[in-house]
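The values are calculated or read from the model by the stated rules, or taken from the named source; none is laboratory data. Bear in mind the structure is a predicted one, so any value in this text is a computation, not a measurement. When we count neighbours, we look across all protein chains shown, and the Cβ atoms used for this are built from the backbone with ideal geometry, even at glycine.
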Amino acid sequence: AQSVTQLDSQVPVFEEAPVELRCNYSSSVSVYLFWYVQYPNQGLQLLLKYLSGSTLVKGINGFEAEFNKSQTSFHLRKPSVHISDTAEYFCAVSRMNRDDKIIFGKGTRLHILP
Amino acid sequence: DAGVIQSPRHEVTEMGQEVTLRCKPISGHNSLFWYRQTMMRGLELLIYFNNNVPIDDSGMPEDRFSAKMPNASFSTLKIQPSEPRDSAVYFCASSSLAGTYEQYFGPGTRLTVT
């Protein structure tokens, strides 16, 4: 079975500072990895995904993530955050090449400080 | 594309009443997922369908919950009888089995049971 651990439930960061949201996963098989964002009172939307190929994945709104197979991590980064990035971020994993469910982490709430 | 459509957006009901939540997936998608989100428990997968067939309902809390997908463009989640602890935001999501497995979420239904 797959599992996802988001190490921080909340991350405060000053506006225009860099941020890293950490995600580790566990799986005995190859996986696809995702980051989703949930803005207040909205549904989740896809930020970026890793399926194969380059381990550095770029997504929307200036976010990027790096897949590290040896450390089973998929950390999300942004070099300079804006107040509009205030949201909850979910890391997720699914088995590769399977019509299967996605396993979501518990989420990390990003607080942007003025 | 209209995206995933959920109705109603808000529902307030009294304990013991029947509640029906509705979802229209994105046209052409053939997987549909029902989630529940609360502050205490986070995002929980309740059930998912592939090609209108329920694949995994292990997340359905108890017999009071039931879900159907009579055709590719419509699904319902029913709670009968409802209880205050069912208060949550319920999300529907859809994806394509022929695609890259990311899920597209609806805006959610906020259910309050008094």
Confirm whether residue A:74 is under 26 Å from residue B:46 (Cβ atoms), more than 12 Å from chain B (Cβ to nearest Cβ) and either surrounded by 19 or more Cβ atoms within 10 Å (Cβ to Cβ) or of a type in the set (Lys, Arg) (or both). yes
Please name all residue pairs, on different chains or six or more residues apart, with Cβ atoms under 6 Å, provided the first residue is in segment A:1-17 and is within 22 Å of residue A:101 (Cα to Cα) and the second residue is of a type in the set (Phe, Trp, Tyr). A:4/A:25
Restricting segment A:77-98 to residues that are of a type in the set (Ser, Thr, Tyr) and touching a helix residue (DSSP H, G or I) at 6+ places or on another chain (Cβ under 9 Å), which is farthest from the other protein chains (Cβ to nearest Cβ)? A:80
Are there any pairs with C-beta distances below 7 angstrom linking a residue in segment B:37-53 that is modelled with pLDDT under 90 to a residue that is crowded, with 16+ Cβ neighbours inside 10 Å and in a loop (DSSP other than H, G, I, E, B), with the two at least 6 apart or on different chains, and if so which? B:42/A:107
For residue A:20: the one exception among (1) more than 26 Å from residue B:106 (Cβ to Cβ); (2) touching a residue at least 60 places away in the same chain (Cβ under 8 Å); (3) part of a strand (DSSP E or B): (2)
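If I ask for residues that are in contact (Cβ under 8 Å) with a residue 12 or more places away in the chain and either more than 8 Å from every other protein chain (Cβ to nearest Cβ) or surrounded by fewer than 21 Cβ atoms within 10 Å (Cβ to Cβ) (or both), which ones from segment A:99-114 would you list?
Across segment A:99-114, the qualifying residues are A:103, A:105, A:106, A:108, A:109, A:110, A:111, A:112, A:113, A:114.
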Those residues of segment A:1-14 which are exposed (fewer than 13 other Cβ atoms within 10 Å of the Cβ) and either at positive phi or not in a strand (DSSP E or B) (or both), in sequence order: A:1, A:9
If you check A:48, A:44, which single one turns out to be closer than 15 Å to residue A:91 by Cβ, over 11 Å from the mean Cα position of the chain (by Cα) and buried (at least 20 other Cβ atoms within 10 Å of the Cβ)? A:44
Residue A:29 fails exactly one of (1) in a loop (DSSP other than H, G, I, E, B); (2) more than 12 Å from chain B (Cβ to nearest Cβ); (3) under 22 Å from residue A:111 (Cα atoms), namely (3)
Failed condition for residue B:18, given (1) under 20 Å from residue B:62 (Cα atoms); (2) surrounded by 17 or more Cβ atoms within 10 Å (Cβ to Cβ); (3) at pLDDT 95 or above, with all others met? (2)
Exception for residue B:107 within (1) closer than 21 Å to residue A:3 by Cα; (2) facing chain A (nearest Cβ under 10 Å); (3) in contact with a strand residue (DSSP E or B) (Cβ under 7 Å, 6 or more places away or on another chain) falls at (1)
Which of the residues belonging to segment B:83-104 are within 10 Å of chain A (Cβ to nearest Cβ), part of a loop (DSSP other than H, G, I, E, B) and not small (Gly, Ala, Ser)? B:97, B:100, B:101, B:102, B:103
Name every residue in segment A:77-98 that is among the polar types (S, T, N, Q) and surrounded by fewer than 20 Cβ atoms within 10 Å (Cβ to Cβ), in order of residue number. A:80, A:84, A:86, A:97
Somewhere in segment B:56-74, is a residue at pLDDT below 95, in a strand (DSSP E or B), within 11 Å of chain A (Cβ to nearest Cβ) and out of contact with any helix residue (DSSP H, G or I) (no Cβ under 8 Å at 6 or more places or on another chain)? yes
